[in-house]
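Everything on this sheet refers to the single structure shown next.
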Amino acid sequence: MQDLAQRGEVYLLNSLNPFRLEGQKTIGLEILEEFRDDYGRFPDRIVLPVGNAGNTSALYKAFRELVQSGALDPAEVPMLTGVQAEGAAPMVEAVENGWDDTKRWEEVETRATAIRIGNPVNAPKALPGIRETGGTAVAVSDDAITEAQRDLAREGIGVEPASAASVAGLRKLRDRGVVDADEDVVCLTTGHLLKDPDAAFEAGGKPEPVPNDTAAVLDHIGAN
């Protein structure tokens, strides 16, 4: 794909594209803006799923630029905390070992397909962001991801498994005492439920067929 992009045959949209990371900075800006407007302060921590680590590096860049502009006090920068699946956790391994880059995982496996990545391209940019904001990284099981996905669904929030990893990671860090009970925490969810519908069917069962009839649909959802 990189070769095709260099020849001008295709346009590369994935995390290797620096313009994509510039766009992803707006996630961090919106989190700070909305949190400030709603609560009069900024969050202590942002927990986010990590695949290629694009969001992690982009948020870190956004916060650095805000600090440099004087719009954000260095003490107010949220701790960036990454979550990976246990079967694909090169970033967690790098954080735990103090490495400046990840070591490639040749074999990765997790139902959270969006973070099933063994060689995160943005790791050298994201690792400093985790460390310098006082954050950390944690790996969670697929069962924990599925449980978090179901719990979010009960609250009316339909996300793909990779997105639910942020909630699963927060729970694990709370159990370990890494995240304090009085912290203001934002869990970032990055993908809609329908991004990975097969995983949703596996987690919650097959969809129930309903006749192509208005009354039947209303009856099925209990609206009659």
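See the values below:
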quantity: Dipole axis of the chain (+1 Lys, Arg; -1 Asp, Glu on Cβ), positive-most option in THR26, ALA164, GLY177; calculated: THR26
quantity: Residues in segment 132-167 reached by a label modelled at VAL178 [backbone nitrogen below 18 Å; 7 Å Cα→Cβ]; calculated: 132-146, 148, 162-167
quantity: Non-local Lys pairs in the chain, i.e. 8 or more apart or on different chains, that have alpha carbons under 30 Å apart; calculated: 17
quantity: log₁₀ of I(q)/I(0) at q = 0.11, 0.13 Å⁻¹ - segment 22-150, Debye sum with one point per alpha carbon; calculated: -0.38, -0.53
quantity: Length-normalised contact order of the chain in % [C-alpha pairs under 8 Å, at least 6 apart]; calculated: 20
quantity: Segment 1-97: C-alpha gyration tensor shape, a/c 1.5 cut-off, then a/b vs b/c; calculated: oblate
quantity: Percentage relative contact order, segment 94-202, counting C-alpha pairs under 8 Å, at least six apart; calculated: 23
quantity: Packing-based ranking, highest mean first, of 192-199, 116-123 given that Cβ atoms within 10 Å are counted; calculated: 116-123, 192-199
quantity: Label point distance in nm, ASN119-GLU96, each placed 7 Å from Cα along Cα→Cβ; calculated: 2.3
quantity: Helix-derived mean residue ellipticity, 222 nm - over the chain, DSSP H n ≥ 4, -39500 (n - 2.57), to 500; calculated: -14500 deg cm²/dmol
quantity: Angstrom value of the Kirkwood radius, inverse mean 1/r, which spans all Cα pairs in segment 99-192; calculated: 14.5
quantity: GluC sites (Glu not before Pro), loop per DSSP, at most 13 other Cβ atoms within 10 Å - longest free stretch of the chain; calculated: 10-105
quantity: Trypsin sites (Lys or Arg not before Pro) lying in DSSP loop within segment 3-110, provided at most 16 other Cβ fall within 10 Å; calculated: ARG7, ARG41, LYS103, ARG104
quantity: Residues ILE130, ILE221, sorted so that the one with the fewest Cβ neighbours within 10 Å comes first; calculated: ILE221, ILE130
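Computed from the coordinates by the stated procedures, all read-outs in this text should not be read as laboratory data. If you're wondering where the values come from, they're calculated on a predicted model, not measured in any experiment. Note: ideal-geometry Cβ built from the backbone for every residue, glycine included; neighbour counts use all protein chains shown.
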